[in-house]
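To start, the structure itself, in structure tokens.
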Ligand SMILES: N=C(N)NCCCC(=O)O
Ligand SMILES: [Zn+2]
Ligand SMILES: [Zn+2]
């Protein structure tokens, strides 16, 4: 196993920034998990800039350490984790970008490598789900977001960051017995948004529900719905309150704290996680790397969950 650069030997601010200072994918014979960047933000409806997230999150990840006490695991000892670099997507053509992402994700997974992806805007979840469902069939989805992202079109366009999960249901790549949004809040276009969403099969745990019920009850309810199904986790960083994630494109007041979200993610231990993404970090609106640090810790916990599952 090739682990991260030892920060007691080489200062953590020195050298190139791979995720958690891990080796690059081309430096290992095989990776059980690859952290891959998708620098794409052509699907946004408001502030652009998520194309710069992969490099910002890698920079913020320099401070991660090898033992995760929240999950009692040293993920990089247990499985081979590597930085898969960035998928080179066309910023001028959303349709082509979606195909490129599905293709690249499929090729990586064909080698038996699981992916934790750093977006990019939320458009990228669709091709990533298409790629995991090619292997696992329809997957359960846990979608952390202030927004539903099940709208139909924006300006008549079907592929945007507000529409990936409606397209995914239409594709038949989600197991609609077990698809949930967590952390939704904020104004909608109309009540119909919620009716449409329910018709697609989604369950909703709003941001207020999380606050009222607390982390443990929230986790119990989610786990029950997911059971042993293959599970994909998509984390839009705007699920966090703007105080915890100012660096994002469509911020909404009244969100979760990073502590609550990390605890909910850790509560997924033991589930059949098959892939995950962290999207919508827009570094230009960030302050003191608050958002990139949160995203790097979420990616680390997702990698840790995979390490617990895949490692022996
Ligand atoms: N941040 C994501 N993924 N979607 C937000 C879309 C909200 C809107 O423009 O109406
Ligand atoms: Zn969102
Ligand atoms: Zn979203």
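Could you please find all residues in the range 17-67 being on the phi > 0 side of the Ramachandran plot and surrounded by fewer than 24 Cβ atoms within 10 Å (Cβ to Cβ)?
49
Being under 22 Å from residue 272 (Cα atoms) and either surrounded by fewer than 24 Cβ atoms within 10 Å (Cβ to Cβ) or more than 13 Å from ligand 1 (Cβ to nearest atom) (or both) is the filter here, so list the residues in the range 230-257 that pass it.
230, 231, 232, 233
Out of (1) touching a helix residue (DSSP H, G or I) at 6+ places or on another chain (Cβ under 6 Å); (2) more than 21 Å from residue 138 (Cα to Cα), the odd one out for residue 278 is which?
All conditions are met except number (2).
Residues of the range 277-288 being within 16 Å of ligand 2 (Cβ to nearest atom) and either part of a strand (DSSP E or B) or surrounded by fewer than 21 Cβ atoms within 10 Å (Cβ to Cβ) (or both), which ones?
277, 278, 279, 281, 285 - these are the residues of the range 277-288 that are within 16 Å of ligand 2 (Cβ to nearest atom) and either part of a strand (DSSP E or B) or surrounded by fewer than 21 Cβ atoms within 10 Å (Cβ to Cβ) (or both).
Could you identify the single residue in 147, 181 that is closer than 20 Å to residue 209 by Cβ, modelled with pLDDT of 95 or more, within 13 Å of ligand 3 (Cβ to nearest atom) and part of a strand (DSSP E or B)?
On inspection, the qualifying residue turns out to be 181.
Please go through the range 168-192 and pick out each residue that is more than 16 Å from ligand 2 (Cβ to nearest atom) and within 15 Å of residue 122 (Cα to Cα).
Correct list: empty.
Would you please name the residue that is nearest to residue 34 (Cα to Cα), looking only at residues in the range 93-123 that are within 13 Å of ligand 2 (Cβ to nearest atom) and assigned to a loop (DSSP other than H, G, I, E, B)?
Here the answer is 119.
Give the residue, chosen from 173, 235, 226, that is touching a residue at least 24 places away in the same chain (Cβ under 8 Å) and under 30 Å from residue 283 (Cβ atoms).
235
How many residues does the range 226-259 contain that are in a helix (DSSP H, G or I), closer than 15 Å to residue 183 by Cβ and in contact with a strand residue (DSSP E or B) (Cβ under 9 Å, 6 or more places away or on another chain)?
Counting residues in the range 226-259 that are in a helix (DSSP H, G or I), closer than 15 Å to residue 183 by Cβ and in contact with a strand residue (DSSP E or B) (Cβ under 9 Å, 6 or more places away or on another chain) gives 4.
Answer with yes or no whether residue 126 is part of a helix (DSSP H, G or I), in contact with a helix residue (DSSP H, G or I) (Cβ under 8 Å, 6 or more places away or on another chain) and within 16 Å of ligand 2 (Cβ to nearest atom).
Yes: the conditions hold for residue 126.
Those residues that are more than 16 Å from ligand 3 (Cβ to nearest atom) and crowded, with 24+ Cβ neighbours inside 10 Å, I need them from the range 116-130; list them, please.
Hit for the range 116-130 is 116, nothing else.
How many residues, within the range 55-73, are in contact with a helix residue (DSSP H, G or I) (Cβ under 8 Å, 6 or more places away or on another chain) and not in a helix (DSSP H, G or I)?
6
Looking at 223, 199, 212, can you tell me which residue is within 20 Å of the chain's Cα centre (by Cα), in a helix (DSSP H, G or I) and surrounded by fewer than 17 Cβ atoms within 10 Å (Cβ to Cβ)?
Going through 223, 199, 212 in turn, the sole match is 223.
The values are calculated or read from the model by the stated rules, or taken from the named source; none is laboratory data. This is a predicted model, so every value here is computed, not measured. Please note: Cβ atoms are built from the backbone with ideal geometry, for glycine as well, and neighbour counts cover all protein chains shown.
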